[in-house]
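Undergrad: Sharing a structure, written as structure tokens. Questions coming.
The values are calculated or read from the model by the stated rules, or taken from the named source; none is laboratory data. Since the structure is predicted, the reported quantities are computational estimates derived from the model, not experimental observations. Note: ideal-geometry Cβ built from the backbone for every residue, glycine included; neighbour counts use all protein chains shown. With ligands, DNA and RNA removed, areas are computed over all heavy atoms of the protein, side chains included. Shrake-Rupley method; radii C 1.70, N 1.55, O 1.52, S 1.80 Å.
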Amino acid sequence: MEEAKLSLAVQSRVQHALYGAVGKDDAWPEALRVLAELFDASFSMLVAAGQGQRDQSFYAAWNHSDEAARAYSEYWWQHDVWLQQGTADGLFVQGNIARGSDIVPLPVFRQSRFYQEYLAPLSTEYLLVSAVSDGSVPGLAPPSHLSFFRRPDQPNFDENDLAIMRWIFPHVVRAFDLHWTTRRLQEQVTLLHRFLDALDFGVVMLDPAARVLYANQGIRAMLADPTSARWLGSLPERVGSHEPLGQLVHACARGQGGGTAFGHTNPKLMALALPVEDPSGLEAGKVQPGACMLLLARHTEAPPAVSDFVMRIFGLSPAEARLLPLLLRGYAPTEIASELGVKISTVRSQLSSIFAKTGSTRQQDLIRLLGSVPQVRSP
């Protein structure tokens, strides 16, 4: 097998273009331009093909007009003799590299309507194609192919071109799989953010250093309200240890969730900090800082907001959920019964159900699970 003869500078440029495009759809046309230079190609494309070829999860091209791409996807793909013969011969398996003339002999190809009416007007005759993915690996790229084209006045692709394609192919696969994984994660994060923005209370995700990774619309609304903003310190960038939320957040980073209320005799804001455990676990004998989820609600909105959030997580009934704000304040069962005007037996029954659904065995365990402390305190 002939090895590609590429200088270190060219190899570096190719790798930089491919891996630099990971996570950025609009960077792939430039990556294709760099690759096309290796083959002296007139245009190139990378396609994650759908059933109709324009029903695509991903499409990137260099020097190929939108008009030509639209014409192919709307009509000519059904008459593509390369596609038909390659599919019939089972060539579209990941790793396969082929020239168009190996799929359909040139004399036969030139007699096809696909060539005469579609490719010839585009001044295109030669193809070099590789199957980047056949979609057989769940979670990675769907069926996709990388293609380069040359004009009729150029020579056909040769063994050196095949060798170059074999050299770049592993990098194309790795870069595109990384891109596809990143793309899916970005879509999932976007959906999560939309969900969190729809909540009627503030949600902040912080890293172990108390830097804000995400703040939802509820927090942004609080920042615009002077009566709430005074308690939020340097949000939405980070939380300093000296700021109103500092003690709560930095304790949360050590795995000690908690709750607090801001405003002395007339609380204005309630905060609940939930530790987010590191799935890799703690080192023996060491306490490692962890991430924190901070829930914030105006005092008048806090009981329904926080209760609704926890109710959804653990599948609590509305009657069970109404106990949560009182539990967060450290109320005993008798105090809860008095506050709600129900029998103590009803409260105990509901507490037993809450314990079962959350996997707790007593009130203190439940409070820790909810990320609170025995009593919501005012600083």
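Undergrad: Sort 192-198, 134-140, 41-47 for me by packing, meaning the mean count of neighbouring Cβ atoms within 10 Å per residue, highest on top.
TA: Packing proxy ranking, top to bottom: 41-47, 192-198, 134-140.
Undergrad: Using Cα positions and a limit of under 20 Å, work out the aspartates and glutamates in reach of LYS5, with same-chain residues fewer than 8 apart set aside.
TA: Once the sequence-local aspartates and glutamates are set aside, what remains near LYS5 is GLU37, ASP40, ASP158, GLU159, ASP161.
Undergrad: Provide the per-residue ³J(HN,Hα) series for segment 14-22, in order, calculated from phi with Karplus coefficients 6.51, -1.76, 1.60 and θ = phi - 60°, each as a whole number of Hz, with x at glycine and proline positions.
TA: Working through the residues one at a time gives 5, 5, 4, 5, 5, 6, x, 8, 4 Hz.
Undergrad: Please work out the FRET efficiency for the pair LEU8 and SER317, using the Cβ-Cβ distance as r and a Förster radius of 56 Å; give the result to the nearest 0.05.
TA: Working: r = 67 Å, r/R0 = 1.19.
That pair, LEU8 with SER317, gives E of 0.25.
Undergrad: Please compute the per residue accessible area over segment 1-135 with all protein chains in place, 1.4 Å probe, rounded to a whole number of Å².
TA: So segment 1-135 comes to 50 Å² accessible per residue, rounded to a whole number.
Undergrad: If you wrap a convex hull around the C-alpha atoms of segment 97-236 and split its volume per residue, what is the figure in Å³? Working shown, then result.
TA: Numbers: hull volume 29.8 nm³, N = 140.
Value for segment 97-236: 213 Å³ per residue.
Undergrad: Can you bin segment 58-157 into rounded, prolate or oblate? Criterion: square roots of the alpha carbon gyration tensor eigenvalues sorted a ≥ b ≥ c, rounded for a/c under 1.5, prolate for a/b above b/c, oblate for the rest.
TA: Since a/c reaches 1.5 and a/b is larger than b/c, the shape of segment 58-157 is classed as prolate.
Undergrad: Rolling a 1.4 angstrom probe over the protein heavy atoms, how many square angstrom per residue are accessible across segment 136-233?
TA: Per-residue value: 49 Å².
Undergrad: Under the rule of at least 5 residues apart or a separate chain, name every residue whose amide H is placed under 5 Å from the amide H of LEU245.
TA: For LEU245, whose amide H was placed from the backbone, there are no distant partners under 5 Å.
Undergrad: Provide the net charge surrounding ARG184, with neighbours chosen by a C-beta distance below 15 Å and charges set as Lys +1, Arg +1, Asp -1, Glu -1. Could you put the intermediate results ahead of the total?
TA: On the way: positive: LYS24, ARG183; negative: ASP25, ASP177, GLU187.
So the environment of ARG184 carries a net charge of -1.
Undergrad: Under the rule of at least 5 residues apart or a separate chain, name every residue whose amide H is placed under 5 Å from the amide H of HIS64.
TA: Here the answer is SER44, since their amide H atoms fall under 5 Å of that of HIS64.
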